[in-house]
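The values are calculated or read from the model by the stated rules, or taken from the named source; none is laboratory data. Fair warning: this is a prediction, and the values are worked out from it, not measured in the lab. Every residue, glycine among them, receives a Cβ derived from its backbone with ideal geometry; neighbour counts consider all protein chains shown. Heads up: the accessible areas ignore ligands, DNA and RNA and are worked out on the full protein's heavy atoms, side chains in. Shrake-Rupley method; radii C 1.70, N 1.55, O 1.52, S 1.80 Å.
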Amino acid sequence: MALEIVVPVFNEEAVLENSITRLAEYLTHEMPSTWKITIADNASTDRTPVIAARLSEHMPNVEYRRLDVKGRGYALRDAWGASDAKVLAYLDVDLSTDLAALLPLVAPLLSGHSDISIGTRLGQSSRVSRGPKREFISRSYNFLLRRTMQVRFSDAQCGFKAIRADVAKRLLPHVEDNGWFFDTELLIIAERSGLRIHEIPVDWVDDPDSRVDIKQTALDDLLGMVRVAGSLVKGVIPVAAIYAELGRRPIVPSGRPSFFGQVLRFGLVGAVSTLAFALLYLVLQGPFGAQEANFLALLLTAVGNTAANRRFTFGISGPAKLFTQQFQGLIVFLLAWTITSSSLLILHAASPDAAPNLELLALTAANVFATLMRFVLLRLWVFRVRKEAVRTAVVRLRTQGRSAR
């Protein structure tokens, strides 16, 4: 079997039969390789199972799989894991993407040229029809993804993707998400492992009946990005081992993120740190008092904040200057503590009986200013990359390149 196309479905009784019929007719007339369609039902509660079962009985090359758990990632993981095809693909059941892009999607994988192939709605030659709200959200998400995760693919969530079976077998065990972030996580791991991702500009028409919860999906995606970034920083995902087995291009140390990328990453770290500070302050304020609780909460979050910014925001790893940079980070922390403590002194001078909630509000405002100051000092002082170090890194990479040749 050359190609298996999985169509994940959940309560799609209204469109399922028409979509599968259209897809089968297209493949019959246009696909030169052997193919199969698998309807991957993940916990539908309407007539979807009945319709899918009937289609699999009466249409050649159509199969039906049923899972009792909801989640597109679960459906794809189950169907792809059981497949014996050379190339695995999936399409959204609404067929929003024009099927004319299907052959260009799978051809680079069947030929062995690429490892993963994705449709993109954000290419210059893509033709897309959708509302301004979803357009803005999609572009914002992919922009944020490229800036924070340093990836180069343009559209992580278009429901039109294909992957070589051997690549899927190697990557899927390291993909934790089983919902809408499944695609993004798979692509991040693939690119970080030196695999080739091929992009196809597509013609795409928005489905007005889409039941995707945009707000919840966006929140889950942001949390997923933070989780994957942490796994990459900690080395939980064995990208070097995957590259050694499947990679196509040399893995080089990740470059220092751009200024805008640093701002976004620093913002993510700062948001988590601010939330942690607020929770710690509320817990510690009762037994220790306002000033002591402020100091302890800042101290506990400062060490973690410095470590996270060192690796995630400014791309510095290894033990070199670790102690020095942590010490400098504590100096930055003392400056921030001075700012926030002054805010409490000013508040108590103006209102001696200020409530804890008002204290927290004042501290949060002071922390915003302190955070801006912290970014400037971390970038220009603590984690500044000197020109000599940059030249040394360039020379080392060039030497390694000549040795490899």
Region 51-68 and region 325-384 have their Cα centres apart by a whole-number Å value of 61
Hey, rough spin-label estimate for residue 365 and residue 226, points 7 angstrom out along Cα→Cβ, what's it come to in nanometres? 2.6
How long is the gain from residue 21 to residue 137 if the chain were fully straight, where each residue apart is worth 0.36 nm and the alpha carbon distance is subtracted? 38.6 nm
Once phi is turned into ³J(HN,Hα) by the Karplus curve 6.51 cos²θ - 1.76 cosθ + 1.60 with θ = phi - 60°, what whole-Hz value does each residue of region 360-373 show in order, with x for glycine and proline? 5, 5, 5, 5, 5, 4, 5, 5, 4, 5, 5, 5, 4, 5
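Based on DSSP, what percent of beta bridges with both residues in the chain are antiparallel, to the nearest 5?
Approximately 25 percent, going by the DSSP bridge assignments.
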Given 36/70; 86/133; 161/234; 133/169; 133/161, the pairs whose alpha carbons are separated by over 31 Å: 86/133; 133/169
Sort 152-159, 269-276, 239-246 for me by packing, meaning the mean count of neighbouring Cβ atoms within 10 Å per residue, highest on top. 152-159, 269-276, 239-246
Can you find, among 324, 21, 264, the residue sitting farthest towards the positive end of the charge dipole of the chain, where Lys and Arg contribute +1 and Asp and Glu -1 at Cβ? 324
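Using heavy-atom solvent-accessible surface (probe 1.4 Å) with all chains present, what is the largest-first order of 34, 48, 21?
Numbers: 34 80, 48 0, 21 45 Å².
My answer, sorted largest first, is 34, 21, 48.
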Correct option for mean projected area of the Cα convex hull in nm² [calculated from the coordinates] among (i) 18.8; (ii) 24.3; (iii) 19.7: (ii)
With every protein chain kept in the model, how would you rank 339, 163 by accessible area, 1.4 Å probe, largest at the top? 339, 163
Can you find, among 102, 80, 114, the residue sitting farthest towards the positive end of the charge dipole of region 67-114, where Lys and Arg contribute +1 and Asp and Glu -1 at Cβ? 114
Given springs between every Cα pair under 10 Å in a Gaussian network model of the chain, which of 82, 302, 218 has the largest fluctuation? 82
Where does each of 283-294, 306-317 land if you order them by average Cβ count within 10 Å, highest first? 306-317, 283-294
Among 199-205, 143-149, the order from most to least packed when residues are scored by Cβ within 10 Å on average: 199-205, 143-149
